[in-house]
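Have a look at the structure below before the remarks.
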Amino acid sequence: MSIYVIDDHPLMRDAIVMVLRRLRPAENIVELERLDKLASSVQQRGAPTLFCLDLKLPDTNGVSGVIAVKQVYPNVPIAVYSAAPAADMEDACIEAGADTYIEKSASSNELAAALRGLLMAGSEEADEPPLASSKLSKRQTQLIAMLDKGMSNRDIATDLEISEHTVKVHLWRLFRRLGVKSRTQALHYARTNGLLSG
């Protein structure tokens, strides 16, 4: 099992790898500078547990890298980071399949919090029974209700007194649990399957 860091800027790649080594000292971390080297690397270095993907690579355009990775590895979390402000690109990246969006201007603590959240969510996911055999957790039920009210991640974070990164991780886990990819699909599923009270 390996974490793949894909970035054509050595300095940024080093920073991400440094944070990951602090979070997961025993994990194998593979560094790549282009997306087209991913398939052969996975064959040589093992199945991915997480992708850290620079949005702007020599062989990608916009969210094409996110889409390409998600098609081949639909169940592996993707952390996208970019110099573009979140307001410009975050929604497009999440819609394309990314699990979190990190601005390159983020501090190492923010970066660590976002990556820790994804790594934790991924490992907890394995312990969770499929939806058919158990109901949503209390927090997930709460999130569905908040989505139904049209609350933004920031509103939810304020309301629950947690960080926006933590909200994104909770949403990511909820979407995975329901087998959906967006807020709209989650709400549709919740309404169709009687998960919304009232």
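Things to note:
- Filter result for the condition that a residue is modelled with pLDDT of 85 or more and either surrounded by fewer than 23 Cβ atoms within 10 Å (Cβ to Cβ) or of a type outside the set (Val, Ile, Thr) (or both), over 80, 72: 72
- Total residues in segment 18-35, condition of a type in the set (Asp, Glu) and at pLDDT 95 or above: 2
- The set of residues in segment 155-165 that are closer than 17 Å to residue 114 by Cα, surrounded by fewer than 19 Cβ atoms within 10 Å (Cβ to Cβ) and in contact (Cβ under 8 Å) with a residue 12 or more places away in the chain contains only 163.
- Any hit, segment 18-41, residues being in the same structural domain as residue 70 (by TED's automatic domain parsing), over 17 Å from residue 70 (Cα atoms) and touching a Pro at 6+ places or on another chain (Cβ under 6 Å): no
- Criterion: in the same structural domain as residue 1 (by TED's automatic domain parsing) and not in a loop (DSSP other than H, G, I, E, B) - qualifying residue of 69, 76: 69
- The residue that is nearest to the chain's Cα centre (by Cα), among those in segment 19-73 that are free of Cβ contacts under 8 Å to residues at least 12 places away in the same chain and closer than 21 Å to residue 114 by Cβ, is 21.
- Test result for residue 196, surrounded by 20 or more Cβ atoms within 10 Å (Cβ to Cβ) and under 14 Å from residue 142 (Cβ atoms): no
- Taken as a whole, the structure leaves residue 13 outside the set of residues that are farther than 13 Å from residue 78 by Cα and exposed (fewer than 15 other Cβ atoms within 10 Å of the Cβ).
- Taking the criterion of being part of a strand (DSSP E or B) and aliphatic (A, V, I, L, M), the residues of segment 79-102 that qualify are 79, 80, 102.
- Output for segment 178-192, where each listed residue is closer than 16 Å to residue 97 by Cβ, part of a helix (DSSP H, G or I) and either outside the structural domain of residue 136 (by TED's automatic domain parsing) or touching a residue at least 12 places away in the same chain (Cβ under 8 Å) (or both): 178, 183, 186
The values are calculated or read from the model by the stated rules, or taken from the named source; none is laboratory data. Computed from a prediction, not measured in an experiment: that's the story for all the values here. Note that each Cβ is placed from the backbone with ideal geometry, even for glycine, and that neighbours are counted across all protein chains shown.
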